[in-house]
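K.L.:
Sharing a structure below in structure tokens format, with a few things to ask.
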Amino acid sequence: MSENSNQFLDALKQMQGVEVGDIVDVEVLDIEDGQIDVGVENAGVEGVITRREYTSDRNADLRDLVKPGDKFKALVLRRAGGDKENGEFFFSVTRLKEREAYDKLQKDFEDGNAVEGTVTSSVRGGLIVDVGTRGFLPASLISNCYVSDLKPYIGKTMKLKITEIDPNKNRLILSHKDLVEEEREEAFDKVASQLVVGDVVEGKVSRLTNFGAFIDVGGVDGLVHISEISYKHVDKPSDVLKVGQDVKVKVIGIDNDRHRISLSIKQTEPSPFEQATADLNEGDIFEGEVKSLTNFGAFVEVADGIQGLVHVSEISNKHVDKPSDVLKVGQSVKVKVLNIDPSDRRISLSIKAADSNASSENHNSRPRRSRNENSVNKKYMSDNDNGFALGDIIGDQLKDRK
């Protein structure tokens, strides 16, 4: 058989082989209003491509997109009705692109790869994203934080993970949240490996909530709880901090399992106790005001908001049954600093040691305390910024001391 005969048979075979679902090479014959007339190359088969099967832009002018003689691949959609010789087919370019996109997306899904897409519009419950084909990004999967306004995302290009794909149902569900979580975990591991509890680092306020402030430290957000913002009472973090503000923070906790970093702003500054006792030394004598009385002693103000304890045994060289027998709230008294405990923020004072009329022995020596007295002091001395808690009434523990 001659070469020409073989070419004729090949052409005839191709002509007879055009079937629905085939991908064929077509050439533009003419452009009419709303459709493109095409012919299948070397097949003698003609058909049309409607505007919606060529572009997703419903207002596009096809004459601006193609011209006679243009060649491209198209998907055979279906055979048109009618008695035309060889029949007439409808073709689609958009569905071919979708099929090709789904093939690639399916592989990305299986390999766990991220894909890139552009948000084209918002609908109830989420966003429509173009990733080569139409995908849906639910509002709950946009971020690891609640998103109430979807409009700012329109037109944005985002990296996404595929959570569900079904080409037969034209179903493609995307997630940005999953990618954010993965990146956050990777960033956390990197940053946490370089931090140690106690480190003081620079950070930037990234977000404010009612319960605290999130601080960006090296690309990872750590939480400063509202109680760790300031030594003074803070009603709302927004009252004292602003998003974007640079702050110095101390690392007070790292939870590797939950990927959380706990921070403190106030612990980078001297506490009121430290400020108040900076110039205070053991042995100093000064005037102070009695702020409150208990059965085990008197609390005397050392500085604004800072109090020290004069134990009942340190009030006088004479036996004192109850502090209220010899002292009154608001009374000014001279006290001597016996001890300053910075770690527990406690100050022990003595009135009798500051008495200029006391003997030199009493003035220069510190009275020896029994184990019971020490335990009483510890029980009623807290680690809050006031130096001591008021505590409850001791009862009769000290009443029998004669």
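K.L.:
How much length is gained if the chain between Phe136 and Ala187 is pulled fully straight, taking 0.36 nm per residue apart and subtracting their Cα-Cα distance, in nm to one decimal?
P.N.:
In short, 15.6 nm is gained.
K.L.:
Do any GluC sites (Glu not before Pro) in the stretch 219-304 lie in a DSSP loop with no more than 13 other beta carbon atoms within 10 Å, and if so, which? Walk me through the numbers on the way to the answer.
P.N.:
On the way: sites: Glu228, Glu274, Glu282, Glu287, Glu289, Glu301; in loops: Glu282.
Listed in order of number, the matching sites are Glu282.
K.L.:
Right, something else. Alpha carbons only, please: Rg and Dmax for the stretch 304-348, in angstrom.
P.N.:
For the stretch 304-348, the Cα radius of gyration and maximum Cα-Cα distance read 11.8, 33 Å.
K.L.:
Work through the residues other than Glu182 whose Cβ is under 12 Å from its Cβ and net out their charges, Lys, Arg +1 and Asp, Glu -1.
P.N.:
-2
K.L.:
Next up: Report Rg(Cα)/(2.2 N^0.38 Å) for the stretch 122-194, keeping two decimals. Working shown, then result.
P.N.:
On the way: Rg = 13.9 Å, N = 73, 2.2 N^0.38 = 11.2 Å.
The stretch 122-194 yields a ratio of 1.24.
K.L.:
Estimate the FRET efficiency between Glu116 and Gln245 by the formula 1/(1 + (r/R0)^6), using the beta-carbon distance for r and 22 Å for R0, to the nearest 0.05.
P.N.:
The calculated FRET efficiency here is 0.10.
K.L.:
Taking a label point 7 Å from the Cα of Arg207 along the Cα→Cβ vector, which residues of the stretch 146-175 have an amide N closer than 13 Å to it?
P.N.:
146-148
K.L.:
Moving on to the next point. Determine how many Å³ per residue the convex hull of the Cα atoms of the stretch 79-207 encloses.
P.N.:
Looking at the stretch 79-207, the number lands at 148 Å³ per residue.
K.L.:
Report the calculated FRET efficiency for Ile23 and Lys67 (r = Cβ-Cβ distance, R0 = 25 Å), to the nearest 0.05.
P.N.:
0.65
K.L.:
If you don't mind, there's one more thing I want to ask. State the three equivalent ellipsoid semi-axes of the stretch 48-139, derived from the C-alpha gyration tensor as the square roots of 5 times its eigenvalues, in descending order and whole Å.
P.N.:
Values: eigenvalues 184, 57, 35 Å².
Its equivalent ellipsoid spans semi-axes of 30, 17, 13 Å.
K.L.:
Could you compute Rg(Cα) / (2.2 N^0.38 Å) for the stretch 145-249, with N its residue count?
P.N.:
1.40
K.L.:
Work through the residues other than Phe109 whose Cβ is under 13 Å from its Cβ and net out their charges, Lys, Arg +1 and Asp, Glu -1.
P.N.:
Net charge around Phe109: -3.
K.L.:
Moving to a separate point now. Grab every C-alpha pair in the stretch 191-283, bin the distances at 10 angstrom width from 0 up to the longest one, and report whole percents.
P.N.:
Pairs per bin, as whole percents: 17, 46, 25, 9, 2.
K.L.:
For the residue pair Glu32 and Ser316, what label-to-label distance in nm results when each label sits 7 Å from Cα along the Cα-to-beta-carbon direction?
P.N.:
Those two pseudo-labels are separated by 11.8 nm.
K.L.:
Same structure again: For the stretch 282-334, what D do you get in µm² per second when you plug the Kirkwood radius from alpha-carbon pairs into Stokes-Einstein at 20 °C and 1.002 mPa s?
P.N.:
Calculated translational D: 192 µm²/s.
K.L.:
Tell me, what is the 1.4 Å probe accessible area of His176, in Å² to the nearest 10?
P.N.:
Ignoring ligands and nucleic acids, His176 comes out at about 40 Å².
K.L.:
How long are the semi-axes of the ellipsoid equivalent to the stretch 211-265, from square roots of 5 times the Cα gyration tensor eigenvalues, in whole Å, largest first?
P.N.:
Each semi-axis is the square root of five times an eigenvalue, giving 19, 13, 9 Å.
K.L.:
For the stretch 211-296, which trypsin sites (Lys or Arg not before Pro) are in a loop by DSSP, counting at most 14 other Cβ atoms within 10 Å?
P.N.:
Lys232, Lys242, Arg258
The values are calculated or read from the model by the stated rules, or taken from the named source; none is laboratory data. Predicted model, so just to flag it, every value in this text is computed and none were measured. Heads up, the Cβs are rebuilt from the backbone with ideal geometry, glycines too, and the neighbour counts pull from every protein chain shown. Please note that ligands, DNA and RNA were not included when accessible areas were found on the heavy atoms of the full protein model with its side chains. Shrake-Rupley method; radii C 1.70, N 1.55, O 1.52, S 1.80 Å.
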